[in-house]
Amino acid sequence: MAVNLPPQYHDAEARYKKAQNPEDKLAALKEMWVILPKHKASEKVQADLKTKISELTDQIEQAKQGPKKAAPGTYKFPRQGAGQVVFVGPPNCGKSLLLSKLTKATPAVAPYPFTTREPVPGMMDHEDVRVQLIDLPPITADHYETFVTDVTRAADAAVLFLDLADDDGPAATAAVIERLKLARRELVPPGSPPADDPAVYAIPTILVANKGDDEAADIRLEIAREEFGTRFPFHVVSAERGDGLAALRKAIYDALGVMRIYTKQPGKPADMTSPFTPPVGATVAELAGKVHRDLEDSVKSARVWVTGVHDGQTVGRDHVLHDRDVVELHT
Ligand SMILES: Nc1nc2c(ncn2[C@@H]2O[C@H](COP(=O)(O)OP(=O)(O)O)[C@@H](O)[C@H]2O)c(=O)[nH]1
Ligand SMILES: [Mg+2]
């Protein structure tokens, strides 16, 4: 979609391109952000600008903190499936064991902290879609791998862990939230608006209280619910016994805020095996952009089949789609 940008925006952009150091570049980007009209048509420009501002802010911050352990871009996970979900939590709360139960990945599981030092990805099946899960190293007030800041920038959602076998579980989880906030990553319930500050990422988050099988889990659960129950969707599981994992798969998928859309060619049956997964509220044109880059501008209309509602009704490019619609795109 074409966006009309005011002349001051282009002036700021010229300053950005000429800037010789990260601080000047960032200042110019922030000016562009303020000037940029924030509406639906400029969503892509907004997202690009936000990423640039965030990357540069994080780079400048990290440079101040001295040499890095991992070079930028060491851990980049191209998004696969319906979305990318990161596991964040204190040491020893069962992140790696849970990943191995939900996917075919085999991260090391051990009864001592700091076993996972590198991110480990795995694909989780949920009905006819797959979600990419990434196990991250533990986070405490004193221990934070800087690459977590980079990996979480690309994440669509997070699972925040709480350890029901540990009396300090709630405090350890609160420390994770605070440490991520220092890195400009704000854990928020799914469906929250994006952060106002372009350097900050608000990550849709669900909370997993793990080790529900522990003999003293019930009493700790009460305290945990009190502290976090109203802040995040709250799921009690036992990675070890498998309790609560079916509901958790669905909750993780739901946190992505996407819908399943099946496409079809004229005169042929729909492909019901591999849906596209645009964000909830996406239009025909936005779906077309997911099917093929060039289609977003060229699609003129679509026929939509909605089970039990209508059968092949013709709609325009701005028509809002719904979960499980079948769509035939016309240019
Ligand atoms: N009782 C119990 N122990 C668990 C559960 N999940 C993980 N553990 C144990 O907790 C320890 C740490 O697990 P791990 O997955 O390595 O934690 P991580 O450091 O968060 O990745 C291991 O000894 C696991 O066997 C659970 O649901 N119940
Ligand atoms: Mg681990």
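The values are calculated or read from the model by the stated rules, or taken from the named source; none is laboratory data. Bear in mind that the values here come from a model prediction, so they are computed numbers and not experimental data. Backbone-built Cβ (ideal geometry, glycine too); neighbour counts: all protein chains shown.
Condition first: surrounded by 22 or more Cβ atoms within 10 Å (Cβ to Cβ) and more than 16 Å from ligand 2 (Cβ to nearest atom). Now tell me which residues in segment 85-135 satisfy that. Passing the criteria: MET124, VAL131.
Among the candidates ALA255, ALA217, ALA202, ALA251, which residue alone is within 16 Å of ligand 1 (Cβ to nearest atom) and modelled with pLDDT of 95 or more?
Details: ALA255 fails: within 16 Å of ligand 1 (Cβ to nearest atom); ALA202 fails: within 16 Å of ligand 1 (Cβ to nearest atom); ALA251 fails: within 16 Å of ligand 1 (Cβ to nearest atom).
When all the criteria are applied, what remains is ALA217.
Cβ separations smaller than 8 Å between residues 6+ apart or across chains give the following pairs from segment 228-251 residues that are at positive phi to residues that are aliphatic (A, V, I, L, M): GLY244/VAL236; GLY244/VAL237. So which residues in segment 6-49 are in a loop (DSSP other than H, G, I, E, B) and surrounded by 15 or more Cβ atoms within 10 Å (Cβ to Cβ), if there are any at all? Listed by number, the residues that qualify are ALA19, LEU36. Of the numbered conditions (1) at pLDDT 90 or above; (2) of a type in the set (A, V, I, L, M); (3) touching an Asp or Glu at 6+ places or on another chain (Cβ under 8 Å), LEU56 fails exactly one; give the number of that condition. Here LEU56 meets the rest and fails (3). Starting from residues that are buried (at least 21 other Cβ atoms within 10 Å of the Cβ) and polar (S, T, N, Q), keep the ones in segment 141-171 and report whichever is nearest to ARG225 (Cα to Cα). Step by step, filter segment 141-171, then rank; the result is THR152.
Take ARG231 and decide whether it is at pLDDT 95 or above and part of a loop (DSSP other than H, G, I, E, B).
Working: at pLDDT 95 or above: yes; part of a loop (DSSP other than H, G, I, E, B): yes.
The answer is yes for ARG231.
Here segment 297-311 is the region considered, the condition is being modelled with pLDDT of 90 or more and within 15 Å of THR263 (Cα to Cα), and the residue that is surrounded by the fewest Cβ atoms within 10 Å (Cβ to Cβ) is SER301. Residues considered: LEU102, LEU56, LEU49, LEU29. Of these, the only one that is assigned by TED's automatic domain parsing to the domain that holds ARG153 and under 24 Å from PHE147 (Cβ atoms) is LEU102.
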